[in-house]
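The values are calculated or read from the model by the stated rules, or taken from the named source; none is laboratory data. Model, not experiment: these values are computed from the prediction. Here the Cβ is made from the backbone with ideal geometry for all residues, glycine too, and neighbour counts use every protein chain on show. Quick note on the areas: whole protein, heavy atoms, side chains included, nothing else; ligands and nucleic acids left out. Shrake-Rupley method; radii C 1.70, N 1.55, O 1.52, S 1.80 Å.
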Amino acid sequence: MATLKEKIGYALGDAAAGGITWKIMSIAFPLFFTNVFGLTFADTAALMLIARMFDVVTDPIMGSLADRTQTRWGTYRPWLIFGAIPYGLVFALLLFTPDFGITAKRVWAYGFYILMMAMYTLVNVPYGSLLGVMTDDDNERNQFSSFRMVGAYAMGFITLFIFPYLQKMVGGSEQHQYAVLGAAFGLIACLMTMACGLLTKERVKPKRAESFSFRQFGDLFKNKPWCYITLVAVCTNFFNGFRYAVAGYMFTYCLGGDITMGSLIINFTVFMGIGEATCMIFGGLSPAFTKWIGSKRMAFVWAAVICFATSVLYFFIPMDSSYIWVLIAISILTSVGAGLYSPLLWSMYADVADFATEKFGESSTGLIFSSGTMAQKFGGAISGSLIAMLLGMAGLVSTTDETTGETIVTITNEESVKTMVWALFSIFPAIMAALMGFLAYKFPLKK
């Protein structure tokens, strides 16, 4: 039976990945690249699309490689233990803006963004796969999954809430602030990832396929539950990706920038951080909610309904900073749904992995969980790419001053930009919530 220390150790893995690195990348990009680093909106959109094509190959290969790893530290844990340092280092370099010309900066951004995606794959695919080998008890898996989500959301709340205060404390240009905070958060993510690998245990021995075979990749598409859960995961990450990536633009162009109330600073990271706190609470309540509803599948459906209804409602709130508390209240309600479904997704992936082992006679846990990581990166990056492209079409133009190196953003159609930003935060996520609810309802495993 797993101990509390092990559950906390497992939570540290997603506190690092979901609560620090992915959260900063989701909410800061593409805003960081367009308004701080100095890429054009077209460059930013292309960057994220190219990186996704890279991940289509690396994620399943990493899953298959992890499944075949045999060391004295286990199958999946060594990737966390030894991948932690390069993971944190690459993240720090990604948020550094070098004093280069435009072409060299573009190469830097493309190189380190793609490398960061590879490092994320290196540690996060084995991390997700751990859930399938730490225990074979369904209730314990739900608990581990719940701890994971609470860890991710708790750290996400801390990261996003303190970010503007840390920026103020660091001072200097925004480029300097992001570079310093990238180094600090990269170090914390490194230590948490390593601690996760050291504190967890692998108890379930997988039925290994010792030799590599492309048959396993083909078997995925014969696995009906895998097809459904992968489509659900893509929708959930589009849902989150639109909201997180557009929040910075919403505050900048719709609400007039940061909102200061005495010593309280409400900017886009704090705004989304409040949602993280809500997700943390309801992520912890997800197992009880699932038990009350009667199945993971229907619990997920009802969580998606909450996300859909509140996202549609958000569109009709006036674009005015005087409505900030109404906007926060609606965002909190949306986060109730997101918090309830997040632990269910990974627990359902573990069920799919068990189904695959029974159906095909060998373990493909790493390969199956790699599709979850791929869906996360696909949804987050494609939504970010679409945001950059659509805002560029709506009238936002980003250029770099050749003399000073400063990033200059101009607006050619203010009303069009505001409407597009508002829709990207509400209507687009609502469509994704409707899709993921329908797909979850059709999910074949009835646990």
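Details
- Here K222 is the anchor, and the lysines within straight C-alpha reach of less than 29 Å, apart from those fewer than 8 places off in the same chain, are K205, K207, K296, K359, K377, K442, K446, K447.
- Using alpha-carbon coordinates, inclination of helix 77-94 to the longest axis of the chain, degrees: 10
- The distance separating the Cα centre of the stretch 280-356 from that of the stretch 223-271 comes to 13 Å.
- Spin-label pair I259/S295, simplified geometry with 7 Å Cα→Cβ offset, distance in nm: 4.1
- Against the chain, whose longest principal axis is taken from its Cα atoms, helix 324-360 shows a tilt of about 30°.
- Entry comment: accessible area of the stretch 4-146 is 32 Å² per residue, from protein heavy atoms only and a probe of 1.4 Å.
- Compared with the dominant Cα axis of the chain, that is its longest principal axis, helix 138-170 is turned about 20°.
- Rg over Rh, two decimals, the stretch 1-88 (C-alpha only, Kirkwood Rh): 1.08
- Model label sites at V326 and N413, defined 7 Å from Cα along the beta-carbon direction, differ in position by 2.7 nm.
- Measure of compaction for the chain (Cα Rg per 2.2 N^0.38 Å): 0.94
- Overall, the accessible surface of the stretch 239-389 at a probe of 1.4 angstrom is composed of carbon and sulfur to the extent of 69 percent.
- The modelled label-to-label distance for the pair R72/D136, using points 7 Å beyond Cα in the direction of Cβ, is 2.7 nm.
- Accessible carbon and sulfur surface of the stretch 1-119 relative to its total accessible area, %, 1.4 Å: 75
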